[in-house]
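Asks: Sharing a structure, written as structure tokens. Questions coming.
The values are calculated or read from the model by the stated rules, or taken from the named source; none is laboratory data. All values reported here derive from a predicted model rather than from experimental measurement. Using ideal geometry, Cβ is built from the backbone for each residue, glycine included, and neighbour counts are taken over all protein chains shown. Note: areas computed on protein heavy atoms with side chains; ligands, DNA, RNA excluded. Shrake-Rupley method; radii C 1.70, N 1.55, O 1.52, S 1.80 Å.
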Amino acid sequence: MATAAQLIREFAISGGPKMLRLKVLGGGRRVGKSALLVEGSKTRFLMDYGVDISGSEPEFPLHVRPRDLDFVVITHAHLDHSGAAPLLYVSAKPKLYCTGLTLELSDVLIADFLKISKYYIPYEYGQVEEMRSGAAVVGFGDEVEERGATLRFWNAGHIPGSVMVEVEVDGKTILYTGDFNTVDTRLLKGADLEPFERADIVVMEGTYALFDHPPREEVERAFVNDALEVLDSGGNVLVPAFAVGRAQEILCVLAKHGFKYPIYVDGMARRVNNLLLENPSALRDPDFVRKALTSAIHVNDRRDRERALEQPSLIVSPAAMLKGGASIHYVKELIEDPRNAIFFVSYVMRETPARKLLETGILELETLKKRAAARIEWYDFSSHCGRRELLSVLERLDPKTKLVIVHSEEEGGKRLAEEAARTYGLEVHFPSEGEALELG
Ligand SMILES: [Zn+2]
Ligand SMILES: [Zn+2]
């Protein structure tokens, strides 16, 4: 097996690869900064170009010369898939393929990332505008031809607007899942399974390779009952949630269970709610979602924030990790009263105030450190496949399919790779960042 350096040299000498090649520019043996370079005989393109914001400083994927790219596909708006893409528009203008919602939601998330980052970001909002101006908007089921490659876009069931990408290039069919979830949620239908059955190569995320999510209804019931307990005894519940997807899922869960207490929505989630209502085609049941989102009270100013806390209420607010945003304001107000509760509903990243609070019961923000008296809980409303779902997808693959695992931490990815090879007889790769796979 050639090293990455040898492959780069070979590429430079020959002027292009002779066979189909995938190169992992980011998201190899880790979650964060997903980036996959595909090189065929006539085309070279990127699928996702994300930034990792879980640590103290943002991390970007490996470099690629933007003018060498024919086009770029972004699977969904999360920053770990979209946040480095504007870098590609500093010196060139590769065509961008994504859904309309991904275009709008990534704009919201990237603009916020630029605004709140304390570190130097090597692009400006002007590049986001460049990226948007030449974008080709696609929808579920669409098929496009570009430089000898045929692209098809499938519902990924992960967040609103998220797609899996099926690519036919040089006689091979590659399915890149991006982040995906095969389970129906209140907000979205589960991912399309059909393209798995005909793919020669499946590049699959394995975020929860080691972990089974509990049944959805159980999680919903526990969340709603616990919230009612807090509110019935006169407290407030803060739900720090990702603004895109999770905040809306929580509103739908509450609506489904006929929640009677006032529900407030603060911060970026308000804007995202409006974008979803303008783009209902990505949703499982647009009418129900509209009812759920419009029955929540949008917080517009300081007076609204005070009002939200004057009575028992549930407040859904970013940032999910308590790293900024309106949730900081609420957590400070609520943390010292045992009648209140902070209910986390998102994946809790390492090195964040949310993780610290969950693990130690101590709230540690930049200017404050307090032991929590409020009740602290976490609920598994995941938008990724768990282990059981990943395995049931693998069961559908033709035994000749090559499986490439990305977007997975070391241990989980290794275990999933072993199981896929042993149980399903698949050829499995679990590449590191910078590794290239010849798949001709
Ligand atoms: Zn995601
Ligand atoms: Zn991701």
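Asks: For the structure I just gave you, tell me whether F140 is open to solvent by 10 Å² or more (accessible area, probe 1.4 Å) and under 26 Å from K323 (Cβ atoms).
Replies: So F140 does not fit the description; no.
Asks: Every residue in region 17-27 that is assigned to a loop (DSSP other than H, G, I, E, B) and open to solvent by less than 10 Å² (accessible area, probe 1.4 Å), please.
Replies: L20, G27
Asks: Would you please name the residue that is nearest to ligand 2 (Cβ to nearest atom), looking only at residues in region 79-110 that are over 23 Å from E435 (Cβ atoms) and open to solvent by 30 Å² or more (accessible area, probe 1.4 Å)?
Replies: E104
Asks: Turning to a different aspect of this structure: Hey, among the residues in region 48-67 that are in a strand (DSSP E or B) and surrounded by 24 or more Cβ atoms within 10 Å (Cβ to Cβ), which one's farthest from ligand 1 (Cβ to nearest atom)?
Replies: Result: Y49.
Asks: Sticking with this one: Go through (1) open to solvent by 10 Å² or more (accessible area, probe 1.4 Å); (2) in contact (Cβ under 8 Å) with a residue 24 or more places away in the chain; (3) away from ligand 2 (no atom under 16 Å from the Cβ); (4) in the same structural domain as D304 (by TED's automatic domain parsing) and name the single condition K400 misses.
Replies: (4)
Asks: A further question follows. Going by what's in this entry, would E438 be described as in contact with a helix residue (DSSP H, G or I) (Cβ under 8 Å, 6 or more places away or on another chain), farther than 28 Å from R216 by Cβ and either open to solvent by 70 Å² or more (accessible area, probe 1.4 Å) or not β-branched (V, I, T) (or both)?
Replies: Judged against the criteria, E438 is not a match.
Asks: Could you list, in sequence order, the residues of region 68-95 that are of a type in the set (S, T, Y), away from ligand 1 (no atom under 14 Å from the Cβ) and not in a helix (DSSP H, G or I)?
Replies: S91 - this is the single residue of region 68-95 that is of a type in the set (S, T, Y), away from ligand 1 (no atom under 14 Å from the Cβ) and not in a helix (DSSP H, G or I).
Asks: Output the residue which, of all residues in region 174-203 that are outside any loop (DSSP other than H, G, I, E, B) and open to solvent by less than 20 Å² (accessible area, probe 1.4 Å), is nearest to ligand 1 (Cβ to nearest atom).
Replies: My answer is Y176.
Asks: For region 97-156, give me every one of the strands (runs of 3 or more DSSP E) that falls completely inside it and has 1 or more residues that are free of Cβ contacts under 8 Å to residues at least 40 places away in the same chain and polar (S, T, N, Q).
Replies: 149-155
Asks: In addition: For L251, state whether it is at pLDDT 95 or above and touching a helix residue (DSSP H, G or I) at 6+ places or on another chain (Cβ under 9 Å).
Replies: Answer is yes for this residue.
Asks: Does E306 fit the bill of being open to solvent by 40 Å² or more (accessible area, probe 1.4 Å) and closer than 17 Å to L334 by Cα?
Replies: Considered against the rule, which asks whether it is open to solvent by 40 Å² or more (accessible area, probe 1.4 Å) and closer than 17 Å to L334 by Cα, E306 comes out as yes.
Asks: Could I ask something else about it? Can you report the number of residues in region 204-224 which are among the charged types (D, E, K, R) and within 16 Å of ligand 1 (Cβ to nearest atom)?
Replies: The qualifying residues number 1.
Asks: Select from region 322-348 the residues that are within 17 Å of K118 (Cβ to Cβ), open to solvent by 10 Å² or more (accessible area, probe 1.4 Å) and assigned to a loop (DSSP other than H, G, I, E, B) and list them in ascending order.
Replies: Residues satisfying the conditions are K323, G324, G325.
Asks: Do you know which residues across region 303-334 are at pLDDT below 95 and more than 13 Å from L365 (Cβ to Cβ)?
Replies: Listed by number, the residues that qualify are P318, A320, A326.
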